[in-house]
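> Shown below is the structure under consideration.
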Amino acid sequence: MNSFPFSIAELALSSQYVLPLLILLGAGLLLMLLDAFGAAKFLPWVAGAAFLLSAGVAWTQGAPAGRLAFFGMMETGGIAPIVHAFLCLSGLLTLFFLSDYLDRHDRHISDVYALLVFAVLGMSLMANAHDLIMTFIGLETMSMCLYIFAALFKTELKSNEAGLKYFLLGSFASAFLLYGIALIYGITGTTNFSLLASPERIEIIQSQQTVFYVGAGMLLVGLLFKVSAFPFHFWTPDVYEGTPTPLAGFMATGSKMATFVALGTLMHQLDMFQNTKLLSVVGLASLLTMIYGNIVASRQQNIKRMLAYSSIAHSGYVLLGLCASQSGMEAMLFYMFIYTLMNIGAFGMLGMVEHDYPDTELENWRGMGQKAPLFAVAFSLFLFSLAGIPPLAGFMGKYEIFIAVIREGLLLPAIVGILASIVGVYYYLRVIVVMFFSKSGETSALLPSASRIPLAGAAILVVLVLVLGIFPSLILNPITQALSGLSQATAVLP
Amino acid sequence: MVSLESLIVLLPLLGAVIIGLGGLANAAFRKQEGLIGWLASAMVLIPFGIVLTRFFGYQNMPLSFSLFSWMQAGGLDISFSYKLDDLSLPMMLVVTGVGALIHIYSIGYMHKDPGFYKFFAYLNLFIFAMSNLIMADNLVVMFLGWEGVGLCSYLLIGFWYTDMIKAEAAQKAFIVNRIGDFAMLVAMFLIYQMFGTLDFSLINAEAANPVAEAAGNRYFWITLLVFVAATGKSAQIPLFTWLPDAMAGPTPVSALIHAATMVTAGIYLIVRLNPLFLASPEVLMVIVVIAALTSVMAALTAIAQNDIKKVLAYSTVSQLGFMFMALGAGAFTTAIFHVITHAFFKACLFLGSGSVIHAMEHAHAAEDPQDIRTMGNLGKDMKSTSLTFWISTLAIAGIPGLAGFFSKDEILSSLFFNGFENQVYFAVWAVGLFTAILTAFYMTRLAWLTFNGKARYKTGAHIHESAPLMTIPLWILAVLAVLGGYIGLPYLIGHGEFHLFNHWLGDLVVNRDLHHALEEHAVFEYLLLALAFIVSIGTVLFARNLYSKHDLAADDKVKGFFGKFYGVMAGKFFWDELYDTILVRPFAWIGSKLLRPFESDGVDGIVTGAGSAVAGIGEVFRRLQSGLVSNYMVLISGGVLLVLTYLIFG
Amino acid sequence: MVEIILFWLFSILGIAGAVGLIFNRNPIYAALSLIINFFSIAGLYLSLRAEFLAVIQILVYAGAIMVLFLFVIMLLNLQTEEKAEKFDAKRGIAFLFGLAFAAEMIYALRSFASEGQTPLAAQFDYGQVEPIGRSLMTSFLFPFEMISVVLLAALIGAIVVARKHTYT
């Protein structure tokens, strides 16, 4: 307590450090006000500007790791700015597709923009937390918004059910997380990362192995649930299917990135998590997740569900990367960035045609290659990228992960991962096959009827996926730089 | 930064992008067949010219160039860097040369096809990928090309597919190739782990290091996996089944991708990594045995096929087997030699078959324009096609003086002389000789039934020779099929002094040294040569006589000769059925049965069909109780229990 | 000694309340069982010298939230469930999992007392209003403020989900 003396100067400095977060907070409130005063059509633009501003401020604020704000609650140096920028980007990209989607379905739910901003705020709180309390609050903020997203089209059965399911299962998982935190606090008397890493705490933890394991295990479970790792993934396909498609893309990317960063921070910054047993839990979950996600995805007849299962599989790869010390952290961030691009792109484009090709059933997509060739080509690019075909960005992501894992000497898991990703190619390919190799006879517009904004979004994403496949260092270098300040820790996995 | 060499890589890509995007965006552009065709051809011809000048100006100094640095991570710097060296120059000559011819041929062949622009965009993309594969200086760029050619091949196989069932079949090529890719990736990562680099020259330098050699078979897994990858790309047992199916694509594609270039990528890669392979004799043994089996099996299958392209496809598998036999014998340069001669005559054969199919289709001469049983005597109306096809047939049959003779004889003799070190090679040699006899037989059968004998197509159909745009490439290839062999005269003549090709490659590619055996048992060299003379000429004459006498009925005699086994040959040795039983179905079973309990079902059963009913509170509760949520919770609790139990007690 | 008696009393009551909540077919009884549970937990807090927490527990949970629950139940006029549910395989498994989980927790927490160092919780003095207020305004200022975002989001969510769909 006394290690954090109270002072106005400290508060001011802290506020300055967390300025990107405050921008989001202010923007969220502003959005609610604007909505109340009937300026609903400006909301997406305001939200987008807020994301851009917040990301920009964060990006320029870079600092070495260890710049803590608010009495050690938040990390604002190291990877924090870049992670924050990435999260803002996932929100921004979602915006491209969101309002068009709502218009198309005649649901002008203007509250969604404020929620989107709050969700990103929550993600950033969670990812850059330096205290387990913050991790939990961030996670809850994020989850609360996601629950509402799932239930947004409440008059539709699928959405209604998705919201309820996600809420119940999410609370179930949060309970474990919270109990885990409580147990860790019970042993150590603190939730602060710096204090948890201090020698006397480590000594206590070592003398209280059993309780620590229970606490840490529950903490892991709570986080693994959020990234839909096997066997905590059950909610994923149902929830994604019910969620409005662009928001499902947001769920699959932003929230996972935040959780992975939180998990990675725990695993690599706290010595107590540098533990063979905990790592093998993550490693094993990763292997099962990859295998399970890929096999089950290959059986799906609905593109949205297929993408949901594929997002489970992708979580598996990232978890594998997390087992591989700091280069794994780097690979993880890079992968999640790439994944954000291609997955929001895929979900967004799916949402664009959901109205004309109902229910995202694969069967209804026959002959898309003839009906809307440019659309089909762009969608195929995202799928190829997800499948990890070079030279698209997805390949670079996987390559980074597997190289990091191999460097760590984890040969067997890497081989399983490669094998699983090879299986994965099949189901992405199937969609392409259906689009291109079945003649419907009709030819028509190059693109489905969609307004310009989502089209522009898709175009930007296509270019990014292509460019980052060829020039990955554009993103990889800043990540490496941001990470270089972190202390290095080595991982072990039997 | 943009050197002239980099155009070799960049121009085909540029062509693909311009044609692809132009065609997508502009309907009028799609109609400009001449523009599209010649633009695409130019994008291959110019690189061919550049490679040619580099080839003749080659000073034994590899030309390296790098476009830009791809990525730097953890001390590993991967660049888009390429190298034109002893090995990649001749390969690039073949790829761009034969590629350009096939581009030009396709302008005639694809005339009026609705997907004209797409076809040429894919072809250019293929040349780009293939150049990457061959010229790559490191494994990652090589892999980019490796995947790229597979992708193009897949796109082109499915080019004419219109219904789902066939399209699903087209996936086979891709999926089989993915098995190969898996092996390739693992091999790549193993190489990284062992050598700490993915650079070809560094890997080879390290592997050729005598100290490293002493370490025994540490390359066993790497080389084995590379070979598995090669079996996928180059259609060997057990991953060859996709190649015959790939014949569904347009014929120029079969000529370019599935005969002359892409399928030889596996051989090229093994030659590239030859120091690793030389250091692992066990794997070479595996290669030679698999290759011999593939080769003879494919040749036997080819005898019993009636589809002109299927015969050629199995013939390709069989010839690829020959190349792998050469690899297995440690005769790496010989394998590349056969790759080159094979590219000439097999491309010519495929293009000739394309010309035939084209003619048959246009004259509506038969139900199935590819069935040789409904052809016959086409040579009367198609002089150029017939003549070039026969020349290439004689070349592949190994008639002395033509290209196939030199390379095939060299393979057989290297197998034979390896036999003095290891008896297994004698057996492989015998199998190879038998396969050579079969090859001469089925190719003569094919050519005769197509071009000579009685006309069996619908009477009244008018068969026309194809346009010059198509016949000129045929003639060029036929000339190459005659002359191509003279770059590698047998050892017999001046102790290999006149084997220009070996000298060319000699600095980079090291063969297993057979010098000793060759000198000691020089007499066999004469015997083998005589044997090759007798066997090839004899078989061709025998087959010609048999089919000219009995025409189609001669097949019955063949059937009688093979007895029950003929059914196995006609049934393609039942590989597809085997895979269905041991791979496809178990996988489907895992998906549908084993993982079923862990798969969520979407909307709960009780509310399905309720449509867009407004869900009230009551319904929500009802769903909760009947629904899957509690199932999920039970399963999640199970997961938590497992984790905690492991952590506490494990 | 008194502490131990109180501990057992409140614990048993608390568990009984929770069990009652689950097994009561009548929603009103179930809600009332929950109140028992809340009160017992408040009692446990009290015995741990967390007076403020105990008061808040009663005010917020037993007071506000429970009243709301009862209102909802009565407004919706939820009926007692008619048929008793079957004890099927799933329930059996769930029950077993619960038992196993409880066993593991007991094992782990018992080891807590028996092995190693005493935890740092000895310094615990957050039970009263003043230390709580102090930490909420200093070291926990940021999370304290951020919780308002959670609440705000929940509020919006409640409105989105509950309001009549008047999509314009």
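> With the checklist (1) within 11 Å of chain C (Cβ to nearest Cβ); (2) within 27 Å of residue A:268 (Cβ to Cβ) in hand, flag the one item residue A:102 doesn't pass.
With respect to (1) within 11 Å of chain C (Cβ to nearest Cβ); (2) within 27 Å of residue A:268 (Cβ to Cβ), residue A:102 is out only on (2).
> Before we move on, is residue B:46 among the β-branched types (Val, Ile, Thr) and crowded, with 20+ Cβ neighbours inside 10 Å?
The answer is no for residue B:46.
> Just name the residue that is farthest from the other protein chains (Cβ to nearest Cβ) out of those in the range A:130-152 that are within 29 Å of residue A:105 (Cβ to Cβ) and among the hydroxyl-bearing types (Ser, Thr, Tyr).
A:143
> Now, a different point. Of the residues A:415, A:453, A:460, only one is over 29 Å from residue B:148 (Cβ atoms), at pLDDT 85 or above and surrounded by fewer than 20 Cβ atoms within 10 Å (Cβ to Cβ); which?
Only one candidate qualifies: A:453.
> Which residue is surrounded by the most Cβ atoms within 10 Å (Cβ to Cβ), if the candidates are limited to the range A:158-172 and must be of a type in the set (A, V, I, L, M) and at the interface with another protein chain (Cβ under 7 Å from one of its Cβ atoms)?
A:164
> Scan (1) surrounded by 24 or more Cβ atoms within 10 Å (Cβ to Cβ); (2) in a helix (DSSP H, G or I) for the single condition residue A:229 breaks and write down its number.
(2)
> Let me ask something else about it. Applying the selection to the range A:259-287, what residues are modelled with pLDDT of 85 or more and either acidic (Asp, Glu) or in contact with a strand residue (DSSP E or B) (Cβ under 9 Å, 6 or more places away or on another chain) (or both)?
Within the range A:259-287, A:262, A:265 meet the criteria.
Residue by residue, here is whether (1) at pLDDT below 80; (2) under 25 Å from residue B:533 (Cβ atoms); (3) in contact with a Phe, Trp or Tyr (Cβ under 6 Å, 6 or more places away or on another chain) holds:
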site	(1), (2), (3)
B:452	no, yes, no
B:455	no, no, no
B:472	no, no, no
B:481	no, yes, yes
B:485	no, yes, yes
B:493	yes, yes, no
B:499	yes, yes, no
B:505	yes, no, no
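> Please go through (1) assigned to a helix (DSSP H, G or I); (2) under 29 Å from the mean Cα position of the chain (by Cα) for residue B:557 and return the number of the only condition it doesn't satisfy.
Looking at each condition in turn, residue B:557 falls short on (2).
> Just the residues that are more than 9 Å from every other protein chain (Cβ to nearest Cβ) and crowded, with 23+ Cβ neighbours inside 10 Å, please, taken from the range A:290-303.
Once the filter is applied, which keeps residues that are more than 9 Å from every other protein chain (Cβ to nearest Cβ) and crowded, with 23+ Cβ neighbours inside 10 Å, the range A:290-303 yields A:290, A:293, A:294, A:297, A:303.
> Is it the case that some residue within the range C:45-53 is aliphatic (A, V, I, L, M) and closer than 30 Å to residue B:630 by Cβ?
no
> Next up: Just to be sure I understand, how many residues within the range A:34-65 are touching a Gly at 6+ places or on another chain (Cβ under 6 Å) and surrounded by fewer than 19 Cβ atoms within 10 Å (Cβ to Cβ)?
3
> In the range A:393-405, what count of residues is obtained for those that are in contact (Cβ under 8 Å) with a residue 12 or more places away in the chain and either at the interface with another protein chain (Cβ under 10 Å from one of its Cβ atoms) or on the phi > 0 side of the Ramachandran plot (or both)?
Of the residues in the range A:393-405, 8 are in contact (Cβ under 8 Å) with a residue 12 or more places away in the chain and either at the interface with another protein chain (Cβ under 10 Å from one of its Cβ atoms) or on the phi > 0 side of the Ramachandran plot (or both).
> Can you tell me which residue among A:396, A:368 is touching a strand residue (DSSP E or B) at 6+ places or on another chain (Cβ under 8 Å) and closer than 25 Å to residue B:126 by Cβ?
A:396
> Considering only the range B:417-430, I want to know if a residue exists there that is at pLDDT 90 or above, within 29 Å of residue B:550 (Cβ to Cβ) and not acidic (Asp, Glu).
no
> Looking at (1) modelled with pLDDT of 65 or more; (2) within 18 Å of residue A:366 (Cβ to Cβ), which one does residue A:443 not meet, given that it meets all the others?
(1)
> Residue A:155 passes all but one of (1) without any contact (Cβ under 8 Å) to a residue 24 or more places away in the chain; (2) within 12 Å of chain C (Cβ to nearest Cβ); (3) part of a helix (DSSP H, G or I); which number fails?
Unmet condition: (3).
> Right, something else. If you check A:221, A:214, which single one turns out to be within 10 Å of chain C (Cβ to nearest Cβ), in a helix (DSSP H, G or I) and either surrounded by 24 or more Cβ atoms within 10 Å (Cβ to Cβ) or under 26 Å from the mean Cα position of the chain (by Cα) (or both)?
A:214
> Do we have residue A:195 as closer than 29 Å to residue A:68 by Cα and not hydroxyl-bearing (Ser, Thr, Tyr) here?
yes
> Here's a check for you: in the range B:1-50, which residue that is polar (S, T, N, Q) and in a helix (DSSP H, G or I) is modelled with the highest pLDDT?
Ranking the candidates gives B:41 first.
> Turning to a different aspect of this structure: Considering only residues that are surrounded by fewer than 20 Cβ atoms within 10 Å (Cβ to Cβ) and part of a helix (DSSP H, G or I), which ones fall in the range B:380-394?
Matches in the range B:380-394: B:380, B:383, B:384, B:387.
> For the range C:48-57: of the residues being buried (at least 18 other Cβ atoms within 10 Å of the Cβ) and in a helix (DSSP H, G or I), which is nearest to the chain's Cα centre (by Cα)?
Step by step, filter the range C:48-57, then rank; the result is C:57.
The values are calculated or read from the model by the stated rules, or taken from the named source; none is laboratory data. Quick caveat, the model's predicted, so the values are computed rather than measured. Positions of Cβ are generated from backbone atoms using ideal geometry, with glycine treated the same way; all protein chains shown enter the neighbour counts.
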